[in-house]
Amino acid sequence: MKSLIAQSHSLSDPAVQLDVINNHNEKVKSLDKFENKLEEIGLLPLKPTGIEIFQINVGYMCNMTCKHCHVDAGPDRKEIMTKETLQYCLDALKGTDIETVDLTGGAPEMNPHFRWFVDEVSKLGKHIIVRSNLTILDTRKFENLPQFMADHGVEITCSLPFYSKRRTDIQRGEGTYDKSMKVLKMLNKIGYGKEDSGLQLNLVYNPVGAFLPGDQESLKKQYKERLWKDQDIVFNDLFTITNLPISRYLNFLMQSGNLEEYMEKLINAFNPSAAKGVMCRNTISIGWDGSLYDCDFNQMLQMKTNHGAPDHIKDWNLEKLNNREIVTDQHCFGCTAGAGSSCGGAVT
Amino acid sequence: MDKTYYNPEDLKKFENVTDFQEKLGKKFFDYYGSVFEEGALTAREKSLIALAVAHAVQCPYCIDAYTEDTLEKGCSEEQMMEAVHVATAIRGGASLVHSVQMINKVDKLSM
């Protein structure tokens, strides 16, 4: 499967995506606006609580082309963060007490400077999270990467949209489940996911379809039971993430005739407590070219940090960024529905 | 829209049944909410029971609602279909068990 951009698909254009989720038809146009909801609960303008997570998207290249991917990542994407831009990130981090560096992609492991960068961030004493698709670690080129990550105390957060083969493979491609099981077993073998090993292994659940995630604790329990019973696999935590209506998932919603209902569902499930805890309030997202965003979703919609805050890592200014106004649009309802959603799962 | 007795949009208007009888309607929805809370059974187990019952009573609204609810609660397709088979077995069994009465009657009438 090719990325939307390689297909020259209209939905590869962020402006078209924003137009669709705001104006697709009269029904969509009539739905409540995110800004109005924030205003009702006294959160407009949305301000950060202080940056705690420095999330770097080191490139959109990926060995997979998942149907729901908000990045539109795939083997045909060539956008990769250069060593120079990674150095800007290190320079920015040096002067801060930001504790967590979160590496995402694409498949972040595919950035040619990945090991060097992890090494450098580790020297700064920062906690590192790598968002892995698992299957990349089942290739010869990357087979010794898990031990490298273990040696650096890297937390691995990986995608597993369901505990069954059928649903996992529908979303992520035939054979994904079996490869994922193989890699999870290998990670367990070197200590990941095991109590007291200090090597944190988290799984990410996201709905395979046009529905919202259920209760995170209940799903974690089900995953723990099923993966242990069926595969002898252990892990530490499970994060439920709501699919946001952008990019390939938006394409799915349109093709399946679910767009209006899904938007309505997100909006009806708006939860003020979740809005208070949205991840953009404690996160900054850095794009492959060094541009700054409020989150990885805004990055894919090319909605840079705004309102006087710097919008490139070269112009890093923590004080200004901590006092910025967060840029929002209709897709943000995805993070405020139900128990809320973030890169660390539910927020309430 | 084609004229039909069942319109999926009507499910969203369910709460409007209180318009004609507020007291009883409200009591029903309060009760309904309590029934589906976590209890001796988990919310997930209750959702699977509801899905099975939805098929037994052949309610299209309930089938839509509890298909989505069971998906959200992490049920697999196999679990959902097995729940429907439970409803089917009880419905089919309810017919079949009456054949004992038929057999009794045959015995009584036959030489």
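The values are calculated or read from the model by the stated rules, or taken from the named source; none is laboratory data. Because the structure is a prediction, the values reported are computed rather than measured. Note that each Cβ is placed from the backbone with ideal geometry, even for glycine, and that neighbours are counted across all protein chains shown. When the accessible area is computed, the model is the full protein with side chains, heavy atoms only, and any ligands, DNA or RNA have been set aside. Shrake-Rupley method; radii C 1.70, N 1.55, O 1.52, S 1.80 Å.
Annotations for the structure displayed:
- Amide H within-cut-off set for A:H24, under 5 Å, with H built and near neighbours excluded: A:K29
- In the frame of its principal axes, the stretch A:1-123 has Cα extents of 53, 42, 20 Å, reported largest first.
- Vicinal HN-Hα couplings computed from phi for the stretch A:172-177 (Karplus, 6.51 cos²θ - 1.76 cosθ + 1.60; Hz; Gly/Pro x): 10, x, 4, x, 4, 4
- Chain A - share of DSSP beta bridges that are antiparallel (%, nearest 5): 20 percent
- Mean projected area (nm²) of the alpha-carbon convex hull when the protein assembly as shown is viewed from all directions: 29.1 nm²
- Peptide A:223-233 has a mean of 0 when you count, residue by residue, the C-beta atoms of other protein chains within 10 Å of its C-beta.
- Spatial offset of the stretch B:68-111 relative to the stretch A:189-255 amounts to 35 Å, using the alpha carbon center of each.
- 3J(HN,Hα) couplings calculated from phi for the stretch A:334-345 with the Karplus curve 6.51 cos²θ - 1.76 cosθ + 1.60 (θ = phi - 60°) are, in sequence order, x, 8, 10, 7, x, 7, x, 8, 7, 5, x, x Hz; Gly and Pro show x.
- Cross-linked pairs A:K67/A:K304; B:K12/B:K46; A:K123/A:K320; A:K67/A:K141; A:K221/B:K73: Cα-Cα separations exceed 19 Å for A:K67/A:K304; B:K12/B:K46; A:K123/A:K320; A:K67/A:K141.
- Computed over all pairs of different Cα atoms, the Kirkwood value for the hydrodynamic radius of the stretch A:72-153 is 13.5 Å.
- Surface accessible to a 1.4 Å probe, B:E15 within the full protein complex, Å²: 130 Å²
- Whole-number D in µm² s⁻¹ for the stretch A:155-290, Kirkwood Cα-pair radius fed into Stokes-Einstein, 4 °C, 1.567 mPa s: 77 µm²/s
- Using θ = phi - 60° in the Karplus curve 6.51 cos²θ - 1.76 cosθ + 1.60, the 3J(HN,Hα) couplings for the stretch A:218-229 round to 5, 5, 4, 4, 5, 4, 4, 5, 5, 5, 6, 5 Hz; x is entered for Gly and Pro.
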